[in-house]
Amino acid sequence: YEQYGSPGGGGGRDGVDAVAAPDYGAYMAELQRRIKRNWHPPQAQEDKRVVVNFSIDRGGRLLGLSIGKSSGYPEADQAAMAAVKLSAPFRSLPPG
């Protein structure tokens, strides 16, 4: 029994099975800092939690933005959306 193309299975070309995953840690930390600087929730709603989903292209341009989970307060949700919009465009994605 031979495995082809799996690590340690033999038969694969050199380097095919070993691809380093890109490190997005620093990129994500900077993205989070930028958004937090632009986030201004309404008074008395600072403790509300909202989940915002967004997508960007490789160049950092904002492609899509939506509420993933509402806080239950439209003003807080809009403040979160505005923070992402004001923070864009972002830096280009790291290679990989």
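Each residue of region 74-81 was assigned a 3J(HN,Hα) from its phi angle through the Karplus curve 6.51 cos²θ - 1.76 cosθ + 1.60 (θ = phi - 60°); the sequence is x, 5, 5, 4, 5, 5, 5, 5 Hz, with glycine and proline shown as x. Electrostatic tally near PRO22: other residues with Cβ closer than 14 Å to its Cβ, Lys and Arg +1, Asp and Glu -1, net +1. Summing charges over neighbours of ARG61, with a neighbour being any other residue whose Cβ is under 13 Å away from its Cβ, gives +2 when K and R count +1 and D and E count -1.
Where a number appears in this text, it was derived from the coordinates with a stated rule and is not lab data. If you're wondering where the values come from, they're calculated on a predicted model, not measured in any experiment. Cβ: placed from backbone, ideal geometry, glycine included. Neighbour counts: every protein chain shown.
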